[in-house]
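To keep things clear, I will list the structure first and then write my remarks on it.
No lab work stands behind these numbers, since they all come straight from the coordinates. This structure is a prediction, so every number in the text was calculated from the model and none was measured. Every residue, glycine as well, gets a Cβ built from its backbone with ideal geometry; the counts of neighbours run over all protein chains shown.
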Amino acid sequence: MRIAKKHILLTLTFLAAVCGVAAQETETVKRLDEVSIGARRVTGVSRLGGAENGQQIGQDELFRAACCNLGESFVANPSVDVNYSDAAVGARQIKLLGLSGQYVQMLLEGLPMAGGALTPYLLDFVPGAWMSSISVSKGTSSVKQGYQSLTGQIDVEYVKPDEDPGLMVNLYGDSRLKAEANVVGNIHLNRYLSTELLANYANDFMHHDANGDNWHDSPAITLMQLQNRWKYKRGRYIMHVGAGLLDNNRYGGQMGSGSNRYETSVELERRDAYMKHAFLLNREHNTNIAFTATAAHYSLGAAFGDKLFGTYHLGTTSQLIFEHDFNDVHSLSTGIGCNYDDIKSSDAYGGGTWQEVVPGAYAQYTFKPSYKFTLMAGFRADKFDLRSDKVSVPADPSWRQRWYFTPRLHLKWMASDWLTLRASVGKGFRPVHPLAENHYLLASGRALKTSHVIIPEEAWNGGLSAAVYIPAGDRNVTLNAEYYYTHFIHQAVVDYDSDPTAITIADLDGRSFSHTAQVDASYDITEDLNVLAAFRYNHVRCTYGGRLMEKPLQSRYKGLLTASWKPMMALWQVDVTLQLNGPGRMPEPYTLADGTLSWEREFSAYPQLNMQITREFRRFSVYVGAENITGYKQPNPIINADNPWSSTFEPTMIWGPVHGTMFYAGIRMKFWKL
């Protein structure tokens, strides 16, 4: 009853927010040309213009798929893999350069997103309709955004408060009876001040058991989000402030009724706020000073059968930045900042409290003698200071108060009009919250062995890339080739292999590295038809129990073919995406009670086909589509489903789709100049 009342309250709050935005009357103001902090809305896909290798994905590209959230935005992206982490919490996670998404620095308009226990769910918490663009950079990125980029950086830009005033509503539904509604409402209060209300509500109304094992294929999810954002710009001063709330519930487990039924649940609440202030001191030299700060508090309670996990996390970040262009060739960015995390947890392993304080400073120099060459060199110094009441920490406590130095170098050279080369090398580190970030592993029947405190992860990353433009008829083939190598110094290793009765998370004892090579090519066959083909190879190794082994649950290669057709003056759009995900290694199997192995030693390659058709009208667009048209599903995603209380029960071995073909439809409506 309490849960039902809570959902009713969330629904009424959402409807009130929609009505409140729709009822506002705004004055008609003349938009002035201006230079503002943040990127303007872009369409399609473009290469990042600076020394970093990556792409900027515009809203038109995002809308090539249903794009209900950030996790579904990379369906047609050759660099980023997206899959479910397990069959218990149903969270989507990404992989970049063959490694888990926790090594990718997640940013929202240049500010860090909350991590810790939120890490498995971050992709679900960024609604697609709120986004205007995504920047994906590979390798260690700029030191300006922090020290946590080990394999890449994803920076999401939301629709800004000062964009065209009005209301945008996106309604979505699919064949699994999931319904979602998104709202973006902008109001211009005067020529200097604008505000924006963002709302998102999603609900799974149906319990799914397509394979008939009497288990939810994925948990039923209810999600409610509200954000209020403000922007003020007058003269040389710009201010961005905002606050938000989020409520997320996930329920799954065995279906039916019974006193011994195995159930899973995750209840999460988050409250957050941010502010950005910037003052332009000198227009000629782009001399400016800026201050940014974020604060987030969340609580998470999870139950996997009789295993309980709870955590409370308060995190803040702050940074003071100074930038100056000496001339067209030399520029400098410097800053100081501090990250603070206060974490308390209570769980089956004794719980604990700890505080992390990481003050630091950076300097970044850019040398650009011509448009053909750019050098960006940066250096950070951050002091990691950990205070914890946990006794299960390494005997040597010196790492708990230590300086970390992260140098980074990026080069870009336009060797000719048809060839652009990039190179990068750098170092990064990230504090680890092993149990919080991997709490979904508690769903396994095996024991979970870990310390709450593990040495911060640290890695070097280097890469080379080439962009080649090859004439083909009256158009060019755009060919990109790249290679990246990541080498870990310290790593929190999730070990499925050493002990068949336990999953262990411990500090790396040996080698861990990743080699990734990718080639992709795109071509406009006609003005209306674009195709892209890509292939990526992953060679990822880590030491488990003293043995250097291939990383499990990781496809060795990925092939991608996409086509986008926009006939009839782009009033119609047809998008088709075909993926071929390669085979990979499974963790060492164990023997079940009937004498059979828990799973095969390898999983096979599998295809996935997605398609969407969109029809544009003056003030709205309608889209219909289907995902996983090939219907491929991972066989038996839940191991030993009939005995969930046994040590051989395992729902975390997910390497492929857990759902068959899914159909969906939606409408995007725009009500400008209310």
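Structure notes:
- The chain - share of DSSP beta bridges that are antiparallel (%, nearest 5): 95 percent
- Alpha-carbon centroid distance for the pair the stretch 52-100 / the stretch 531-575, whole angstrom: 10 Å
- Extreme residue, positive dipole direction of the stretch 399-555, given options ILE489, THR526, TRP460 (C-beta unit charges): ILE489
- Neighbourhood net charge (12 Å Cβ-Cβ; Lys/Arg +1, Asp/Glu -1) for GLY185: -1
- Rounded to the nearest 20, the size of the Cβ-charge dipole of the chain about its Cα centre is 1360 debye, with Lys and Arg at +1 and Asp and Glu at -1.
- The distance between label points at PHE620 and TRP672 comes to 1.8 nm (points 7 Å beyond Cα on the Cα→Cβ vector).
- Residue list for the stretch 157-184, given a label point 7 angstrom along the Cα-to-Cβ vector of ALA665 and an amide N cut-off under 11 Å: 173-175
- Separation in nanometres of the label points that stand 7 Å from Cα toward Cβ, at ASP507 and ASP328: 5.3 nm
- Point-charge dipole on Cβ atoms (K/R +1, D/E -1) for the stretch 160-316, about Cα centre, debye to 20: 980 debye
- Remark: VAL658, VAL136 ranked as VAL658, VAL136, counting other beta-carbon atoms within 10 Å and listing the fewest first.
- Cβ-Cβ distance of ALA517 and ALA210, R₀ of 22 Å, FRET efficiency by 1/(1 + (r/R0)^6): the value works out to about 0.05.
- Listed by Cβ neighbour count within 10 Å, with the fewest neighbours leading, CYS67, CYS338 appear as CYS338, CYS67.
- Cβ-Cβ FRET estimate between ALA363 and ASN643, R0 fixed at 56 Å, reported to 0.05: 0.45
- Its alpha carbons give the stretch 116-174 an Rg and a Dmax of 14.9, 42 Å.
- Whole-Å distance, taken between Cα centres, linking the stretch 174-220 and the stretch 637-671: 18 Å
- Across the stretch 578-674, counting alpha-carbon atoms alone, Rg and Dmax equal 20.4, 69 Å.
- Taking a straight line from the alpha carbon of LYS383, these lysines sit under 29 Å away, with near neighbours fewer than eight places off in the same chain left out: LYS95, LYS138, LYS144, LYS276, LYS344, LYS427, LYS449.
- Only Cα pairs under 8 Å and 6+ residues apart enter the sum, and on that basis the relative contact order of the stretch 516-592 stands at 27 percent.
- Note on the stretch 455-523: semi-axes of the ellipsoid equivalent to its C-alpha gyration tensor, largest first and rounded to whole Å, are 40, 14, 7.
- A simple rule links phi to the HN-Hα coupling: the Karplus curve 6.51 cos²θ - 1.76 cosθ + 1.60 with θ = phi - 60°, which for the stretch 327-342 gives 6, 6, 9, 10, 9, 9, 10, 9, x, 10, x, 8, 10, 9, 9, 10 Hz, with x for Gly and Pro.
- Relative intensity of the stretch 137-219 on a log10 scale, I(q)/I(0) at q = 0.10, 0.14, 0.19 Å⁻¹, equals -0.54, -0.83, -0.88, per a Debye sum over C-alpha point scatterers of equal strength in the absence of solvent.
- Translational diffusion of the stretch 556-599 was estimated from the Stokes-Einstein equation, with Rh taken as the Kirkwood radius over Cα pairs; at 25 °C and 0.890 mPa s the coefficient is 169 µm²/s.
- Evaluated at q = 0.05, 0.08, 0.10 Å⁻¹, the base-10 log of the normalised Debye intensity for the chain, with identical point scatterers placed on the Cα atoms, takes the values -0.23, -0.61, -1.00.
- For the chain, calculated [θ]222 nm from helices alone, where every DSSP H run of n ≥ 4 adds -39500 (n - 2.57): -1500 deg cm²/dmol
- Ranked by how many other Cβ atoms sit within 10 Å of their own Cβ, fewest first, the residues LEU99, LEU609 fall in the order LEU609, LEU99.
- C-alpha center-to-center spacing [the stretch 103-140, the stretch 424-455] in angstrom: 19 Å
- Listed by chain and number, the aspartates and glutamates whose alpha-carbon sits under 18 Å from that of LYS412, ignoring those within fewer than 8 places in the same chain, are GLU52, ASP328, GLU482.
- For the stretch 461-605, the share of alpha carbon pairs falling in successive 5 Å distance bins from zero is 2, 8, 12, 14, 14, 12, 10, 8, 7, 6, 4, 2, 0, 0 percent.
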